[in-house]
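The values are calculated or read from the model by the stated rules, or taken from the named source; none is laboratory data. Remember, predicted model here, so these are calculated numbers, not experimental data. Methodologically, a virtual Cβ is constructed for each residue, glycine included, from the backbone with ideal geometry; neighbour enumeration extends over all protein chains shown.
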Amino acid sequence: MMSRLLSLRDSREAAARGARRPAWWQRLMPRGRSLVTAIPYGWLLLFFLVPFLFVLQISFSEVEIASPPYRALIERTEDVLNIALNIGNYGYIFSDPLYFDAYLNSLYMALVTTLTCLVVGYPIAYTIARASEAKRNTLLMLVMLPFWTSFLVRVYAWMGILDNEGLLNKALMALGLIDAPMQLMHTQLSVQIVMVYAYLPFMILPLFSNLVKLDGRLLEAAADLGCKPWKTFLKVTLPLSKNGVIAGSMLVFIPAVGEFVIPELVGTPESLMIGKVLWMEFFDNNNWPMAASVTIVMLALLILPIIYLHKREEKALARAAQR
C-alpha cells in the first residue's frame, strides 16, 4: 500500500513539473522526437534511396565505350535539354532465356535454402529457448561463433570438406561406406549445403527471439486439456511463432537470391545465379545499363511480395481489432 502511494505521489510530482515547464520547452519536445526518428530515415535516404536512384538512372541509359561506360539520360546541347530513356535493356531481359533461367534458378536455390534452414533451425531455436539461462547463453554463443571467422574462410573450409580428396570422402571410405570418392564439389548439392550452413544463424536468431517470449502456461493449459504434444505444437507454438518464421525467412531468402561467392566457388557453370550474371555484365561485358536493369528487376521481384505480405498483415490486424 505504501509503495502504491509513493508511486502515485511521484507521478503527480512529475506531472506538476511538466506543467511548470515553459512553453518553448513543450514545443521543443515533439521536434526532439522528430529529430531522433529522422536520423535512421536520413541514413536510409542517403545510403539506400540515393544509390537506388543512381542505379535506376543507369538502367535507362545506353551503353557507351567511355568512362563511365554509359550515356547520360539528360544532355544539354545548344541550349536544348535532351532526355533519352532507353527501355531496351528491360525488353532484352524478358526476351533472353539466359536471364529468365538465372532468375528462376536463383529463386529456386533461395527457396530451398530458406525451407531447409527453417526445418533445421526451428528445433534448434526451440531447444535454446527452452533451455536454462546458463545453457541458453552458451548455446547462443555457439550459434554466433561462425561469425567470428571470415565468411570466405568458412567457404574455403567447406571446399576442403567436400572435395574428392576431402575430409568427408576420406571418412566415408575409412568407414567402408564407399569404395571410390563421391563427386560432392561443384554440384547443386554442394551449393545447397554451404548456403544452408552460411544462412542458418539468420534463421535461428529471429526464431529464438520469438520463441523465448512464448508463455509456457499456454503449453501447460493445452496439455491439461488433453492436447497431444504434436497437436500443441501445431495449434499453439507454431501460430504464435509466425512472426519469427517470417522474419527469419526474409533474412535468409533475400540475401540468398543474390548470392555470388558460394555458387562461384563450389557450384558449377550450369548453376547460374543472378549474382554471377551481375558480375559478368559489370566486369566482363562492361555493360552497366544492362547490369543495372538486372538489378532493378531482381529488386522488384523481392520487394513486391514483401509489400503484398505487409498489406495483407495490416488487413488481418485491422479485422482482428474490429472483432
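Structure data summary
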| item | result |
| --- | --- |
| Residue that is surrounded by fewer than 12 Cβ atoms within 10 Å (Cβ to Cβ) and either closer than 22 Å to Pro269 by Cβ or modelled with pLDDT of 90 or more (or both), where the choices are Leu162, Leu152 | Leu152 |
| Residue count, the range 211-234 (criterion: surrounded by 14 or more Cβ atoms within 10 Å (Cβ to Cβ) and not aliphatic (A, V, I, L, M)) | 3 |
| Search result, residues across the range 144-164 that are closer than 29 Å to Met182 by Cβ and among the aliphatic types (A, V, I, L, M) | Leu145, Leu152, Val153, Val155, Ala157, Met159, Ile161, Leu162 |
| Within the range 82-123, tally of residues that are surrounded by fewer than 16 Cβ atoms within 10 Å (Cβ to Cβ) and assigned to a helix (DSSP H, G or I) | 16 |
| Residue satisfying condition, being of a type in the set (Ser, Thr, Tyr), without any contact (Cβ under 8 Å) to a residue 24 or more places away in the chain, under 25 Å from Ser132 (Cα atoms) and in a helix (DSSP H, G or I), within set Thr237, Thr232 | Thr232 |
| Subset of the range 106-138 [over 18 Å from the mean Cα position of the chain (by Cα) and either more than 18 Å from Gly248 (Cα to Cα) or among the β-branched types (Val, Ile, Thr) (or both)] | Ile124, Thr127, Ile128, Arg130, Ala131, Ser132, Glu133, Ala134, Lys135, Arg136, Asn137, Thr138 |
| Condition met for Leu167 (farther than 23 Å from Ala247 by Cα and surrounded by 12 or more Cβ atoms within 10 Å (Cβ to Cβ)) | yes |
| Criterion: on the phi < 0 side of the Ramachandran plot, surrounded by 10 or more Cβ atoms within 10 Å (Cβ to Cβ), of a type in the set (D, E, K, R) and outside any helix (DSSP H, G or I) - qualifying residue of Glu264, Glu270 | Glu270 |
| Hey, Ile58 modelled with pLDDT under 80 and over 24 Å from the mean Cα position of the chain (by Cα) or not | no |
| Those residues of the range 161-216 which are of a type in the set (D, E, K, R) and either more than 27 Å from Thr149 (Cβ to Cβ) or touching a residue at least 12 places away in the same chain (Cβ under 8 Å) (or both), in sequence order | Asp163, Glu165, Asp179, Lys213, Asp215 |
| Any chance Glu314 is among the acidic types (Asp, Glu) and in contact with a Phe, Trp or Tyr (Cβ under 9 Å, 6 or more places away or on another chain) | no |
| Listing of helices (runs of 4 or more DSSP H) fully contained in the range 124-193 that carry 3 or more residues being under 29 Å from Leu207 (Cβ atoms) | 133-144, 151-162 |
| Residues of the range 203-224 satisfying the condition of being not β-branched (Val, Ile, Thr) and not in a helix (DSSP H, G or I) | Lys213, Leu214, Asp215 |
| The range 267-278 residues that are without any contact (Cβ under 8 Å) to a residue 24 or more places away in the chain, paired with ones that are among the polar types (S, T, N, Q) (beta carbon under 8 Å, 6 or more apart) | Leu278/Thr295 |
